[in-house]
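Colleague: One structure follows; several queries about it will come next.
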Amino acid sequence: MTGVDQMRECFQAITEVPAAILGLEGYGLEEGCNADLVILQAKDPIEALRLKANRLFVIRRGKVISTYPTAESHLNISGRPKIQNYIF
């Protein structure tokens, strides 16, 4: 499961697919849904899996119930910035 398409399918297998199998009402990112979601520190599903992304926010019924600080990486390579934030 290391191909790009396979990694996207893995991400869907832990997010969208279980809700569909359970027949949950009000699930998804559309108007009128429950607004239950987790904001990850990643620019796409592949990066979320590859980097084991931090949970920046956990939102339940539209209210933030948990926060976590943004991670930083510190680089010491000539010609590169000393600090690179991972904010996407």
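Colleague: Can you list the residues, at least 5 places off or on another chain, whose amide H is less than 5 Å from the amide H of Leu56, using H built in the peptide plane?
Modeller: Ile39, Leu40, Gln41
Colleague: Okay, moving on. Sort 56-65, 35-44 by packing, meaning the average of other beta carbons within 10 Å per residue, with the highest value first. Intermediate values should be presented prior to the final figure.
Modeller: On the way: 56-65: 12.4, 35-44: 15.6.
My ranking of the peptides, most packed first, is 35-44, 56-65.
Colleague: Select from Glu47, Glu16, Glu72 the residue whose mean-square fluctuation is largest in a Gaussian network model of the chain (Cα-Cα springs shorter than 10 Å).
Modeller: Glu72
Colleague: If you fit an axis through the alpha-carbon atoms of helix 4-13 and take the longest principal axis of the Cα set of the chain, what angle between them do you get, 0 to 90°, nearest 10?
Modeller: 50
Colleague: How much length, in nm to one decimal, is gained on full extension between Val64 and Val4, taken as 0.36 nm per residue of separation minus their Cα-Cα distance?
Modeller: Values: separation 60, 0.36 × 60 = 21.60 nm, distance 3.11 nm.
Taking 0.36 nm per residue and subtracting the Cα distance, the gain is 18.5 nm.
Colleague: Here's something else I'd like to know. Residue by residue, what Karplus-based ³J(HN,Hα) values in Hz, rounded to whole numbers, does the range 55-64 have, using 6.51, -1.76 and 1.60 with θ = phi - 60° and x for Gly and Pro?
Modeller: The phi angles translate into 8, 6, 9, 10, 10, 10, 6, x, 10, 6 Hz.
No lab work stands behind these numbers, since they all come straight from the coordinates. Since this is a predicted model, take the numbers as computed values, not measurements. With ideal geometry, Cβ positions are generated from the backbone for all residues, glycine too; neighbour counts draw on all protein chains shown.
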